[in-house]
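These notes are about the structure you will find just below.
Since every read-out is calculated from the coordinates, none of them should be taken as a lab result. Note that this is a predicted model, so its numbers are computed, not measured. Cβ placement follows ideal geometry from the backbone for every residue including glycine, while neighbour counts extend to all protein chains displayed.
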Amino acid sequence: MKDEVVLLTGASEGIGRALAQQLSARGARLMLVARNAERLQSLVASLPGEAEAYPLDLTELARLPELIHATLERYGRIDRLILNAGITMWSTVEDLTDLSVLERVMTVNYLATAHLAHAALPALKQSRGHIAVVSSLTGLTGVPTRSGYCASKHAVMGFFDALRIELRGSGVDVTMLCPDFVVTQTHKRAMGADGQPLGDTPMQESKLMTADECAARMIKAIEKRQRLWLGSFRGRLGRWLKLLAPGLIDGIAARAIARRH
């Protein structure tokens, strides 16, 4: 990826921060996007390669084309668009008291990625570039207490599967990245039934993949322009079990939440 221009969203922490660090070490030229300007600037200052911070709240959908224009003004092209930003929720449907949680999750996880991909397409076609989208194993199956998150990731999978077909022959490839649970701040900031952040992770983080390891595996898939990357054995197994024994995969999902890993 040396000298490639990479636009990366959700870069200030977690998987995004690890991706930025590892991409910079490979010589990529980065446009890094996140809401937290202070953390974003500290990241840029720590990187060995060329990078620029672009603080932006992705829920401001009308402003997203500005990000593409700013990247082109700064670097002249876009080689890879890595759509990593995301938020989550943690509540049963029955317990939800603030249904705007569903709208917020859908806006950040699905609508923002769709808007950015649309705005970047002319530049990506010119560079015969690449779109990599961080979805989730929950984009392939339902998971209890994560209904809104699952819905957003299912939408992402459907949108980018369709876009991949539309882009056949253009030179632009699409990679879907579906990690299992990973140690990130996203879990602590997950919205509860009342729409407020949980404040503490509901997961057993000692049993989860680290963000650094997840990013390293993702980058291998991105470099190969792999069609689909599944981040765990149970994810790869579950893809087939859902077709052959859907009741069994329901039980696996329920146990994963009950065991918090």
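Only Lys, Arg, Asp and Glu count, each charged at its Cβ (+1, +1, -1, -1), so figure out the dipole size of the chain about its Cα centre, rounded to 20 debye.
Values: 32 positive and 26 negative charges, 205 e Å.
Dipole of the chain, to the nearest 20 debye: 980 debye.
How high is the FRET efficiency between GLN196 and ILE252 when r is their beta carbon distance and R₀ equals 35 Å, given to the nearest 0.05?
According to the calculation, E is roughly 0.75.
For the chain, report the translational diffusion coefficient in µm²/s to the nearest whole number, using Stokes-Einstein at 37 °C, 0.692 mPa s, and a Kirkwood Rh over Cα pairs.
Rounded, D is 177 µm²/s.
Any idea what angle helix 37-46 forms with the longest principal axis of the chain, computed on alpha-carbon atoms, 0 to 90 degrees, nearest 10?
60
When only Cα pairs under 8 Å and 6 or more residues apart are kept, what is the percent relative contact order across the chain?
Answer for the chain is 19 percent.
Rounded to the nearest 0.05, what FRET efficiency do SER100 and ALA62 have when you use their Cβ-Cβ distance and R0 = 25 Å?
Efficiency computed from Cβ-Cβ geometry: 0.85.
Could you list the GluC sites (Glu not before Pro) in segment 65-102 that lie in coil according to DSSP, counting only those with at most 13 other Cβ atoms within 10 Å of their Cβ?
Sparse-neighbourhood loop GluC sites (Glu not before Pro): GLU94.
Ranked highest first by average number of other Cβ atoms within 10 Å, how do 23-35, 39-51 line up?
Working: 23-35: 21.8, 39-51: 16.2.
Going by the mean number of other Cβ atoms within 10 Å, highest first, we get 23-35, 39-51.
Which whole-percent values make up P(r) of segment 46-88 when all C-alpha to C-alpha distances are grouped in 10 Å steps starting at zero?
Per 10 Å bin, starting at 0, the Cα pair percentages come out as 20, 54, 24, 2.
May I ask you to list the residues of segment 44-87 whose amide nitrogen lies under 11 Å from a point 7 Å from Cα along the Cα→beta-carbon direction of ARG35?
Residues 56-60, 86-87 qualify, since their backbone N sits under 11 Å from the label point.
With every atom except the alpha carbons ignored, what do you get for Rg and Dmax of segment 65-157, in angstroms?
Rg then Dmax for segment 65-157, in Å: 15.5, 49.
For the chain, take the longest principal axis of its alpha carbons; what is the angle in degrees between that and the long axis of helix 64-75, to the nearest 10 within 0 to 90?
Its long axis makes an angle of about 40 degrees.
For the chain, what number of Lys pairs, 8 or more residues apart or on separate chains, have alpha-carbon atoms under 30 Å from each other?
19
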